[in-house]
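The values are calculated or read from the model by the stated rules, or taken from the named source; none is laboratory data. Computed from a predicted model, the values in this text were never measured in an experiment. With ideal geometry, Cβ positions are generated from the backbone for all residues, glycine too; neighbour counts draw on all protein chains shown. Areas reflect the complete protein model, heavy atoms only, side chains present, ligands, DNA and RNA absent. Shrake-Rupley method; radii C 1.70, N 1.55, O 1.52, S 1.80 Å.
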Amino acid sequence: GPRSIESVHDRLALVGHSEHGVVTVLDAATSRIRAELDRFEQPRYAAVHPRRPLAYVTDSAAEEVVVVDAEHGRVRGRARVPGPARHLSISPDGSTLWAVLGNAAPRIAVLDTSDPLRPRLERTIAPPFLAHDVVFGPDGRTVWVTSGDERCIAIYSRERRPRRILAAGSPPQHVAFAQEKAFVAAGEDGTIRRHRLDGARVGEARVPARS
């Protein structure tokens, strides 16, 4: 019952099994299991430190962000958050992590990860809608927050209030970045919209509905 999978610097893969309370670490070259970690209640998603083989895993039922040493296959730390954390993203410099506290959440937790093994809750922010996904832009200057209940996206510059609100497809939306562009998927609509990093929309493609 895998829920999510995340690459760890192209050498390892971290798989979260929410229904079983287990995280699996795979060797990317051989697909062999390196470790199975069962110290979770409901692991959801992971964000990988940009320079170290550490993954931050949201344990939704435990209301924690868990630090996993993927190289050695063990849990190294935990941070409590005020809600059932789901999607999360870490800044390109590894100093800050944002975690959405639910599937359609009124709050986002901001954690200080300047000490990678000891993440610390710094504050929470209230987005202008119920949030679903959160992704740092490739330059680290912006954070894109998608909605779990409205057709819009908020772009933050790490402040408590968004600097721009974009129109989007039906919720929930998810964001990925490549080649200085943001790609926003609205699976219920069967669309992927392409944006510049400043938020300007430059294209759209059709994909199978519910992708």
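For every residue, the table says whether it meets (1) touching a strand residue (DSSP E or B) at 6+ places or on another chain (Cβ under 8 Å); (2) surrounded by 17 or more Cβ atoms within 10 Å (Cβ to Cβ); (3) among the aliphatic types (A, V, I, L, M).
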residue	(1), (2), (3)
60	yes, yes, no
76	yes, no, no
88	yes, yes, yes
98	yes, yes, no
Within the range 157-181, of all residues that are part of a strand (DSSP E or B) and under 15 Å from the mean Cα position of the chain (by Cα), the one surrounded by the fewest Cβ atoms within 10 Å (Cβ to Cβ) is 176
Residue 34 vs (1) open to solvent by 60 Å² or more (accessible area, probe 1.4 Å); (2) within 21 Å of residue 136 (Cβ to Cβ); (3) of a type in the set (D, E, K, R): all pass except (2)
Restricted to the range 1-28 and to residues being outside any strand (DSSP E or B) and more than 20 Å from the chain's Cα centre (by Cα), the residue modelled with the lowest pLDDT is 28
(Q) Yes or no: the range 35-49 includes at least one residue that is in a loop (DSSP other than H, G, I, E, B) and under 16 Å from residue 97 (Cβ atoms). (A) yes
Checked against (1) without any contact (Cβ under 8 Å) to a residue 40 or more places away in the chain; (2) buried (at least 24 other Cβ atoms within 10 Å of the Cβ); (3) of a type in the set (A, V, I, L, M, F, W, C), residue 68 satisfies every condition except (1)
Scanning the range 4-23 residue by residue, the ones that are out of contact with any Lys or Arg (no Cβ under 7 Å at 6 or more places or on another chain), free of Cβ contacts under 8 Å to residues at least 40 places away in the same chain and open to solvent by 10 Å² or more (accessible area, probe 1.4 Å) total 7
Just checking, does the range 138-149 include any residue being free of Cβ contacts under 8 Å to residues at least 24 places away in the same chain, part of a loop (DSSP other than H, G, I, E, B), open to solvent by 30 Å² or more (accessible area, probe 1.4 Å) and over 24 Å from residue 48 (Cα atoms)? no
(request) Please indicate, with yes or no, whether at least one residue in the range 117-135 is without any contact (Cβ under 8 Å) to a residue 24 or more places away in the chain, farther than 22 Å from residue 2 by Cβ and of a type in the set (Ser, Thr, Tyr). (result) no
Flag if residue 31 is more than 16 Å from the chain's Cα centre (by Cα), outside any strand (DSSP E or B), among the hydroxyl-bearing types (Ser, Thr, Tyr) and modelled with pLDDT of 95 or more: no
Within the range 108-129, residues assigned to a strand (DSSP E or B) and open to solvent by 10 Å² or more (accessible area, probe 1.4 Å) come out as 112, 120, 121, 122, 123, 124
For the range 186-202, the count of residues that are under 22 Å from residue 140 (Cβ atoms), assigned to a strand (DSSP E or B) and open to solvent by less than 10 Å² (accessible area, probe 1.4 Å) equals 1
Residue 132 vs (1) surrounded by 13 or more Cβ atoms within 10 Å (Cβ to Cβ); (2) more than 16 Å from the chain's Cα centre (by Cα); (3) at pLDDT 95 or above: all pass except (2)
